[in-house]
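The values are calculated or read from the model by the stated rules, or taken from the named source; none is laboratory data. No experiment lies behind these values; they were computed from the predicted model shown. Note: ideal-geometry Cβ built from the backbone for every residue, glycine included; neighbour counts use all protein chains shown.
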Amino acid sequence: IDCIKALMSLIGIFQKYASKDQDTDHLNKNELKELLQKEFPGLLNVSKLFSVMDALDQDKDGQVDIQEYFTTVCTLGIIYYEILGACPKK
Ligand SMILES: [Ca+2]
Ligand SMILES: [Ca+2]
């Protein structure tokens, strides 16, 4: 149940930011930037955000769709996991 709640809230966040312009199914660069800054504060600086954006926009259409968004969130999850020191050091 907790996993479903987590996924629903991730989808809710996507929809909240993606619907700031006409194209409610995609995050454009500004929407993605705002999402990352507000929902993942302190994780990335702005210049890094755009290189992240380029890496995440896998089909290079300048927009992040729901599939690319979840790839983003998974990647950020791994980053957080490592920052928190939960990942055992070799
Ligand atoms: Ca949008
Ligand atoms: Ca894309």
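Number of residues in the stretch 14-33 that are more than 16 Å from ligand 2 (Cβ to nearest atom) and out of contact with any helix residue (DSSP H, G or I) (no Cβ under 6 Å at 6 or more places or on another chain): the value is 4. Filtering the stretch 5-22 to residues that are within 10 Å of ligand 1 (Cβ to nearest atom) and farther than 14 Å from Glu68 by Cβ leaves Gln15, Ser19, Lys20, Asp21, Gln22.
Cβ-Cβ contacts under 6 Å between residues 6 or more apart (or on different chains), taken from a first residue in the stretch 59-79 that is touching a residue at least 24 places away in the same chain (Cβ under 8 Å) to a second residue that is more than 16 Å from ligand 1 (Cβ to nearest atom) and assigned to a helix (DSSP H, G or I), are listed as Val73/Leu10. Looking only at residues in the stretch 58-84 that are in a loop (DSSP other than H, G, I, E, B) and at pLDDT 85 or above, which one is nearest to ligand 1 (Cβ to nearest atom)? That would be Gln63.
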